[in-house]
Amino acid sequence: MANISQTFSEGASINRPPLFSGDNYPFWKIRMKIFLESFDKGVWDAIVNGPFIPTKIEKGKTILKDFLSWTPDENKRAPYDVRAKNIISSALTLDEFYRVSICQSAKEMWDVLEVTHEGTEKVKRARKNTLVQEYEMFRMKAEETIYDV
């Protein structure tokens, strides 16, 4: 685990995403979410909900719209996923970048990083239960003082 001075020595910039090298993921995740939202809410929406793909219904089937028939709103929303992928990629060191380089969407990149560094919900629940159990089982031995613990 990185020490505190390494974690905070980087500083912050409103123009550059926070760098993630694999250490202190919870801290990076919060900073990155704030950075992405400040860039554009649509960019964060692409991470949460996946890429926006313009479609139309034709003969009862949903099909992709060709680029030339996109509305101005669709033209505005469609690039959010690419922007999010670019920002996430720019925030990663080489090892972390290779972990997500095959992902097709920003949501997939975010999810891979989250599962890799936090685990699935089941793993997080198991970790929490283990910590609670360790806390509940913690006892001071008869010969120990409070300073020994």
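Just so it is clear, none of the values below were taken in a lab; they were calculated from the coordinates. What you see is a predicted model, and the numbers here were worked out from it, not measured in a lab. Methodologically, a virtual Cβ is constructed for each residue, glycine included, from the backbone with ideal geometry; neighbour enumeration extends over all protein chains shown.
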Between Phe20 and residues 5 or more places away or on another chain, the pairs with built amide H atoms under 5 Å apart involve Leu92, Thr93
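Nothing charged except the Cβ atoms of Lys and Arg (+1) and of Asp and Glu (-1): what's the magnitude of the dipole of the stretch 43-95 about its Cα centre? Round to the nearest 20 debye. Don't jump to the answer; show the numbers that get you there.
On the way: 8 positive and 7 negative charges, 41 e Å.
The calculation lands at about 200 debye.
List, in the order given, every pair from Lys29/Lys85; Lys41/Lys65; Lys56/Lys107; Lys41/Lys85 whose Cα-Cα distance in the structure shown is over 19 Å. Please report the intermediate quantities before stating the final value.
On the way: Lys29/Lys85 15 Å; Lys41/Lys65 24 Å; Lys56/Lys107 23 Å; Lys41/Lys85 14 Å.
Pairs exceeding the cut-off: Lys41/Lys65; Lys56/Lys107.
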Sort Thr145, Thr116 so that the residue with the fewest other Cβ atoms within 10 Å of its own Cβ comes first and the one with the most comes last.
Thr145, Thr116
